[in-house]
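Reading through the structure tokens given below for one structure.
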């Protein structure tokens with residue numbers, strides 16, 4: 001009987017080695033994260049569509065409400081993507097910054113659609129928001145839209161404007177805080193079709209996402225950089 005040569009590896013019998021724990025749980029983490037992201041959009045949209053305040057409203061007004069709510073939900077996702085944590089990489093893939101840019105453009109398009117639909121439903125809804133004595137929630141919506149437009153212009157034209165990257169990051173972060181804060185305040189003070197559990201869900205998730213992002217960018221990442229650079 002022939003003997004196996006010394007040092008050769010025995011043939012596999014179809015039994016593969018078990019993947020490491022991180023890989024075994026990666027699929028579950030990814031699907032759980034995607035399910036939560038889907039719920040973040042679906043729950044508020046369902047609440048808006050089913051709201052009693054939609055009775056007697058036109059389809060244009062309802063669609064304007066939906067675009068605004070979806071933009072707010074995507075905004076929550078967007079502010080978490082720059083963290084570049086392992087968890088986000090498992091859920092959204094290896095390039096969260098590229099997704100951050102794509103979601104930012106989607107939010108901008110949805111806000112533009114929100115404004116256009118409100119104007120189509122009744123021009124006074126937009127023109128009245130531009131006067132000084134407009135309701136607070138209207139002025140906050142205008143400020144949020146303006147900051148969003150400015151953020152997109154600076155992001156797309158940073159090099160042409162000669163804006164240094166470090167300075168742009170500071171401006172981008174400040175505008176992100178302004179956009180998110182005024183957008184949530186706009187929704188809360190509006191007392192519109194999102195009122196209730198869905199609004200609370202978005203608010204709590206947004207606060208948690210903002211706090212997690214701030215802690216990661218201002219505390220965790222600098223500590224990691226300090227440990228890496230330490231002799």
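Of everything listed in (1) exposed (fewer than 15 other Cβ atoms within 10 Å of the Cβ); (2) in contact (Cβ under 8 Å) with a residue 12 or more places away in the chain, the single unmet condition for residue 171 is (1).
Out of 80, 136, 67, one residue alone is under 22 Å from residue 217 (Cβ atoms) and in contact (Cβ under 8 Å) with a residue 12 or more places away in the chain. It is 80.
Cβ-Cβ distances below 8 Å connect the following pairs, each with a first residue in region 195-222 that is on the phi > 0 side of the Ramachandran plot and surrounded by fewer than 16 Cβ atoms within 10 Å (Cβ to Cβ), a second residue that is part of a helix (DSSP H, G or I) and at pLDDT 85 or above, and a separation of six or more residues or different chains: 196/47.
Give me a count of the residues in region 125-150 that are closer than 16 Å to residue 190 by Cβ and in a helix (DSSP H, G or I).
Within region 125-150, the first condition is being closer than 16 Å to residue 190 by Cβ, and the residues that meet it are 125-126, 128-129, 134-145.
Those still in the list that are in a helix (DSSP H, G or I) too: 125-126, 128-129, 136-145.
Residues meeting the conditions: 14.
Looking only at helices (runs of 4 or more DSSP H) that fall completely inside region 1-111, which ones have 1 or more residues that are at pLDDT 70 or above and under 29 Å from residue 153 (Cβ atoms)?
Numbers: elements: 21-24, 26-50, 59-80, 86-92.
Here the list reads 26-50, 59-80, 86-92.
Annotation: residue 55 fulfils all but one of (1) touching a helix residue (DSSP H, G or I) at 6+ places or on another chain (Cβ under 9 Å); (2) over 28 Å from residue 169 (Cα atoms); (3) surrounded by fewer than 19 Cβ atoms within 10 Å (Cβ to Cβ); the unmet one is (1).
The values are calculated or read from the model by the stated rules, or taken from the named source; none is laboratory data. Since we're looking at a predicted model, the values are computed, not measured. Counting neighbours? That spans all protein chains shown, and the Cβs are built from the backbone with ideal geometry, glycine included.
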